[in-house]
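I have placed the structure first, in the form of structure tokens, so that the comments after it can refer back to it.
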Amino acid sequence: MRYRRFHRRKFCRFCADKIDFIDYKDMKTIRHFLTERGKIVAARMTGNCAKHQRELTRAIKRARNIALVPFIEK
């Protein structure tokens, strides 16, 4: 017998808050979407839509290039 589990629907945080631009200098927001090792968390884990996941990735890479976020953490 299989049991059905209730799964909460993931939603895009940026669409819900109506944020149209993800700033690469906003460290509080960017840190939420990185793992402890410094990897970018996938959209299927965070619930971001494709548009905002691309913008988020671009912002994280910009922040890495000017040393606001490390490339890797050991």
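Here are the numbers for this structure:
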read-out	value
Charge tally in the Cβ shell below 9 Å around Gly47, where Lys, Arg are +1 and Asp, Glu are -1, Gly47 excluded	+4
Semi-axes of the equivalent ellipsoid for segment 13-65, Cα gyration tensor, largest first, Å	16, 13, 10
Segment 31-74, relative contact order in percent, only Cα pairs under 8 angstrom and at least six apart counted	44
Dipole magnitude of the chain, debye to nearest 20 (Cβ charges: Lys/Arg +1, Asp/Glu -1, about Cα centre)	500
Low-density loop positions, GluC sites (Glu not before Pro), the chain - DSSP coil, at most 10 other Cβ in 10 Å	Glu36
Farthest positive-ward along the chain dipole, Cα basis, beta-carbon charges - from Thr46, Phe14, Tyr3	Tyr3
Within the chain, helix-based [θ] at 222 nm, where runs of 4 or more DSSP H residues each add -39,500 (n - 2.57), nearest 500	-10500 deg cm²/dmol
Exposure rule at most 10 other beta-carbon atoms within 10 Å, DSSP loop chymotrypsin sites (Phe, Trp or Tyr not before Pro): the chain longest free segment	22-70
Trypsin sites (Lys or Arg not before Pro) restricted to segment 28-65 and DSSP loop, no more than 14 other C-beta within 10 Å	Arg37, Lys39
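No value in this document is a laboratory result; all are computed from the given coordinates. Given the structure is predicted, the values throughout are model-derived calculations rather than measurements. Please note: Cβ atoms are built from the backbone with ideal geometry, for glycine as well, and neighbour counts cover all protein chains shown.
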